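No lab work stands behind these numbers, since they all come straight from the coordinates. Model, not experiment: these values are computed from the prediction. Neighbour counts are summed over all protein chains in view; Cβ atoms, including those assigned to glycine, are modelled from backbone coordinates with ideal geometry.
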Amino acid sequence: VQLQASGGGLVQPGGSLRLSCAASGNVFGIDNMGWYRQAPGEQRDMVATVTPSGTTNYADFVKGRFTISRDSAKNTVDLQMNSLRPEDTAVYYCYALWYQKDAWGQGTLVTVSS
């Protein structure tokens with residue numbers, strides 16, 4: 001399976017961005033999908049995940065600000081990010097659990113700065 005992420009960029013504090021990820025190839029084995037992020041010098045952290053049935057899970061540091069959504073028919077997962085903070089600056093990675101293995105997209109950079 002291949003995961004293609006898009007939508008990163010530069011935004012001012014308090015602004016919004018929407019990330020999108022599309023899965024292609026052998027998509028039949030996809031289970032959970034989600035987004036992780038990694039800031040320079042930091043570990044990769046879970047941001048939000050969504051199950052095939054739509055159950056969502058968020059990291060505490062994005063609750064109330066970010067919303068994950070999934071279209072299982074189109075094999076896409078989006079992340080709406082509102083009220084962005086400088087500490088949200090990171091490379092964001094699309095994720096899928098594929099035949100019980102981790103699959104990752106190429107990453108998209110989100111920079112929150114004035």
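Placing R0 at 41 angstrom, the Cβ-Cβ distance between VAL27 and ASN82 gives a FRET efficiency of 0.90 after rounding to 0.05.
For ARG44 and ALA73, what is the calculated FRET efficiency with R₀ set at 30 Å and r taken between the beta-carbons, to the nearest 0.05? That gives a FRET efficiency of 0.55. Spin-label model, PHE61 to THR111: label points 7 Å out along the Cα-to-beta-carbon direction sit 1.9 nm apart. Explain nothing, just the number: relative contact order of the chain, from Cα pairs under 8 Å at least 6 residues apart, as a whole percent. In percent, rounded to a whole number, it is 38. Ordering LEU97, SER24, TYR36 by Cα displacement along the dipole of segment 1-110 toward the positive end leaves SER24 in first place; charges were set at the Cβ atoms of Lys, Arg (+1) and Asp, Glu (-1). A Gaussian network model of the chain, with springs between Cα atoms under 10 Å, assigns the largest mean-square fluctuation among ASN75, ASN26, ASN57 to ASN26. Note on the chain: Cα convex hull, mean projected area over all directions, 6.5 nm².
Residues whose amide H comes within less than 5 Å of that of LEU84, counting only those at least five positions distant or on another chain, are GLY14, GLY15 (H built at 1.01 Å from N in the peptide plane).
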